[in-house]
Structure formats: structure tokens, C-alpha cells
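Comments concern the structure below.
The values are calculated or read from the model by the stated rules, or taken from the named source; none is laboratory data. Here the structure is a predicted model, which is why all the values come from computation and not from measurement. Heads up, the Cβs are rebuilt from the backbone with ideal geometry, glycines too, and the neighbour counts pull from every protein chain shown. Areas reflect the complete protein model, heavy atoms only, side chains present, ligands, DNA and RNA absent. Shrake-Rupley method; radii C 1.70, N 1.55, O 1.52, S 1.80 Å.
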Amino acid sequence: MKALSIAGGLLGQRSRIFQSAPVLTERLYSAHRIPQYLIDASLSENPSVIDMVNFHYHRGCELLHDHLVEMLRKDYFLSDSERIRKVQDVLRLIQPCKNVLRVCFPVQLDSGRHEMFTGYRVQHGTHRAPCKGARPVTTPTGIKLAASIDVEDLKAMAALTSFKAACAAVPFGGAKSGLVVDIKRYNAHEIERIVRRFALELFRKGFA
């Protein structure tokens, strides 16, 4: 958890901090490098959110790897190779999202007709439960409501929420939900029913 907090602290900073960080010319234990496809994505004019999150994550790994290995020196039962392997395992485990759920459900509208809706729930960190989702300014429910949903963006926001919670020592994992619905086509009562039904579907599947 301490490693997650430190890594999350770096990921929560602005990109200029990483760009101004000193280049590590000497590495005591590992030569962790940012994958080339992420470097290329960071140099593009319009990189995806998930690529930038992963880029800064690996940048944090570059900066922190040796420090985390040194932190494990207090465990006298571990050799140097075992400490290195333990740090590398932790860094690999906390990067990907753990669960991605897609649900489809019907809702009856005011006109009497039924319509199918699709929602997503992404859980990044399940080391602490429940998983907390970020609340966007434009969505009071904390669920992203949009005519189209990019699951990769939800993964990125869930990861950032997980690291943010770790930095603040908040006992929650990171998660994010998205609901495919064009809010301009429905009134307030219909949107409320859609969101409530989506929440019920998540609860039934244990993704609260």
C-alpha cells in the first residue's frame, strides 16, 4: 500500500513535473523504461487519456523503483534479487484495471415504450473496498452520462482515482462508471429512472 501511495503521488502531478525531472543516468537495481508506444503517444498532438495515464505511471516507476527497493532493506530475510522482484511485481500488479463490467437493461419511458440502455463499471483497485468513483462537475450522480462512452477513458479515470485515494490515505479503491445515454433526449424523471436502474444492475452483480 505504501508503494501504491508513493507511485500515486507522482501520477497525480502535472506532466511538467515529469518533464522537468532529472534524467537517471545510474540505476542501482533496474533499468525500467517507458514502453516506446507510450513515448510516441505522449509526443502526438492528441494522445488518448489512457495512454497518458500509463505514460506517467511508467515515468513514476522509473523514478521510484530504486527507492522502493531500498525501502525493503528493513526486511532482512529478503535478498537483493528478492527485493527487486517484489517491487517489480507490485508495480505490475497495480497498473491494470481489475474488473470491467458491461450491462444492458430496459427502462420504461414516460411515453410507455421501453428502451434498452448500456452501462459500464470499471474497477481499478480492489485492494480496498468499496471502490470509489470520481465525480465529474457536470454529473451530480458521479456517473458519466454521454451519448458515447469510451471504456479506455473510464479505465484511465478509475486508475487516477485509485492513486488519488492512496495518496490521501482514503480507504477506497478506484473505480468509474459510464452510462450511454443522450441526456438531451430524456426528461429529468426518465434520467433518474435510467440511473436508478443502472445502479440496481451494478448492485445485483456486486459492483457497487
> What's the number of the condition GLY9 fails, among (1) surrounded by 14 or more Cβ atoms within 10 Å (Cβ to Cβ); (2) modelled with pLDDT of 80 or more?
Replying inline: (2)
>> I'd like to check something: does region 45-64 contain any residue that is among the hydroxyl-bearing types (Ser, Thr, Tyr), within 19 Å of GLY125 (Cβ to Cβ) and at pLDDT 80 or above?
In response: yes
> Just for region 71-106: of the residues that are farther than 20 Å from HIS124 by Cβ, free of Cβ contacts under 8 Å to residues at least 60 places away in the same chain and within 27 Å of the chain's Cα centre (by Cα), which one is most open to solvent (accessible area, probe 1.4 Å)?
Replying inline: ARG85
>> Quick check on this structure: which one of GLN19, GLN36 is at pLDDT below 80, at negative phi and surrounded by fewer than 19 Cβ atoms within 10 Å (Cβ to Cβ)?
In response: GLN19
> Among HIS67, HIS127, which is the only one that is open to solvent by 80 Å² or more (accessible area, probe 1.4 Å), over 27 Å from ALA41 (Cβ atoms) and of a type outside the set (Ser, Thr, Tyr)?
Replying inline: HIS127
> ALA31 is checked against (1) within 26 Å of HIS127 (Cα to Cα); (2) modelled with pLDDT under 80 and fails just one. What number does that condition carry?
Replying inline: (1)
>> Quick check on LYS205: is it modelled with pLDDT of 90 or more and under 22 Å from the mean Cα position of the chain (by Cα)?
In response: no
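Let's see how each residue does on (1) in contact with a helix residue (DSSP H, G or I) (Cβ under 8 Å, 6 or more places away or on another chain); (2) under 20 Å from PHE203 (Cα atoms); (3) modelled with pLDDT under 90:
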site: GLU152; (1), (2), (3): yes, no, no
site: LEU160; (1), (2), (3): yes, no, yes
site: PHE163; (1), (2), (3): yes, no, yes
site: GLY174; (1), (2), (3): yes, yes, yes
site: GLY178; (1), (2), (3): yes, yes, no
site: HIS189; (1), (2), (3): no, no, no
> In region 171-183, what residues are closer than 15 Å to PHE117 by Cβ and either crowded, with 22+ Cβ neighbours inside 10 Å or of a type outside the set (Val, Ile, Thr) (or both)?
Replying inline: SER177, GLY178, LEU179, VAL181, ASP182
